[in-house]
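Readers should treat all values here as calculations from the given coordinates under stated rules, not as data from a laboratory. Predicted model only: the values in this text are computed from it and were never measured. Methodologically, a virtual Cβ is constructed for each residue, glycine included, from the backbone with ideal geometry; neighbour enumeration extends over all protein chains shown.
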């Protein structure tokens, strides 16, 4: 009995040793697929939720973000205060951020910006004008369609910031060109805003008779030249209110009767002495001074001039648009400045927050006061000057159209500027001039966003 019990114990011990030996020589589950599949799965740890402290620490990181512009001059108290408030707003979220304001002055702003974007050396956030389609096509801009303000863009400005169904920029301010005049000169001579082009010529004759230059502008600086034919665009709209669409679909041409009538009107102004004889050598600042001092009665300009004249010269300006022979009198407007985010900026959230600071209503509204209007429907910009109020009334009462800078490529605008200069020097525009502009349009209309 004892022997049998011992034998059973021995047998059990031997079997146990065999099992232990087998387990010791077995391959690991990672080495055998069957073992891995039969092994119990390891318990996966739940993903960690970022603590509020982590986000706060990220916001407190030191970093640099650059903003390129042409319109923010720190010597201008209004612009200086705007930049100061933007920095305070941004640093409330990112206290250690360094904001680098990158001013690029002069006519070559967009050429330089385009070159910087192409070489990936451009600023992180940048203002631009009439360049969104080209920049978006090249992949230079970040998609901002998901931003809260994207659903509040004014319909008249949406075409300037949207491409391919996506929003690539925010319209900071909207304004347009027309005739701003010295209200005292008009009052002294008993003049009122004209209802036809002939009335405009007639009141100009009365101004000349008083020894005052009727119309001046700062052609020497280049950029104001377009404002003159922008201000006469009712001759084009009067002939075809849908000229932008018809040019794009090929049913109308730049060398057609619409633009010919516009330049004929400008040539009549030059020949009748309505346009200053020294307009080609006059700077923008001098033209503004001449109107403010009553040496000239009118100038082609935008609402941005109102607060400057009111502050520096204590003079009230009025505003009207020049009608065509039939009294067609649309008011045009365009986005003056769009802000976009560089597609190569590594932290999109920080870039978006900078844009949100730039367009914060409490910050932007005082900056635009008396000079322009917001491109968003989220707030109203107040205008205290008479010129600003009259411009605002014109936008509210007159039918609006897109400014030519929206529906003409930059190359065409430049050629039309050259024609304006040519007429101002006493020459006439030829068919060849208009043919060249039409060829430029056909070549470059792909840059436009006409819907």
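Divided by 2.2 N^0.38 Å, where N counts the residues, the Cα radius of gyration of the stretch 110-168 comes to 1.14.
Every pair of different Cα atoms in the stretch 372-451 enters the Kirkwood calculation, which places the hydrodynamic radius at 15.6 Å. On the principal axes of its alpha-carbon atoms, the chain has extents of 146, 47, 36 Å, going from largest to smallest.
With viscosity 1.002 mPa s and temperature 20 °C, the Kirkwood radius over alpha carbon pairs of the stretch 209-309 converts through Stokes-Einstein to a diffusion coefficient of 145 µm²/s. Remark: the stretch 306-451 is approximated by an ellipsoid whose semi-axes, taken from the C-alpha gyration tensor as √(5λ), come to 32, 26, 15 Å, largest first.
For the stretch 111-254, the ratio of Cα radius of gyration to the globular rule of thumb 2.2 N^0.38 Å stands at 1.42. Estimated at 0.36 nm per residue, the fully extended path between residue 264 and residue 397 surpasses their Cα-Cα distance by 45.1 nm.
Counting beta carbons within 10 Å around each of 181, 266 and listing the fewest first gives the order 266, 181. Once the C-beta distance of residue 431 and residue 380 is scaled by a Förster radius of 60 Å, the resulting FRET efficiency is 0.80 to the nearest 0.05. The stretch 139-224 gives an Rg/Rh value of 1.23, both radii derived from C-alpha positions and Rh following Kirkwood. Here the mean projected area of the convex hull built on the C-alpha positions of the stretch 263-359 is 10.2 nm².
Contact order for the stretch 180-294, expressed relative to its length and based on alpha carbon pairs under 8 Å spaced 6+ residues apart, stands at 40 percent.
Given a cut-off of under 8 Å on Cα pairs at least six residues apart, what relative contact order in percent is computed for the chain? Answer for the chain is 21 percent. Computed from Cα positions, the angle between helix 77-93 and the longest principal axis of the chain comes to roughly 10 degrees. As I understand it, the value is the acute angle between the Cα axis of helix 109-118 and the longest principal axis of the Cα atoms of the chain; what does it come to in degrees, rounded to 10? The angle comes out near 20 degrees.
Mean residue ellipticity at 222 nm, helices only, the chain: -14000 deg cm²/dmol; runs of at least 4 DSSP H residues each add -39,500 (n - 2.57), and the sum is divided by the number of residues. Relative to one another, the C-alpha centroids of the stretch 202-235 and the stretch 360-374 are positioned 28 Å apart. Relative contact order of the stretch 201-358, taken over Cα pairs closer than 8 Å and 6 or more residues apart, is 32 percent.
In the chain, the longest principal axis of the Cα atoms and the axis of helix 2-25 are about 30 degrees apart.
By the count of other C-beta atoms within 10 Å, a proxy for reagent exposure, 416, 203, 191 are ordered fewest to most as 191, 203, 416. Multiplying the residue separation of residue 198 and residue 151 by 0.36 nm and removing their Cα-Cα distance gives an extension gain of 12.6 nm. DSSP finds beta bridges in the chain, and of those with both partners inside it, around 60 percent are antiparallel.
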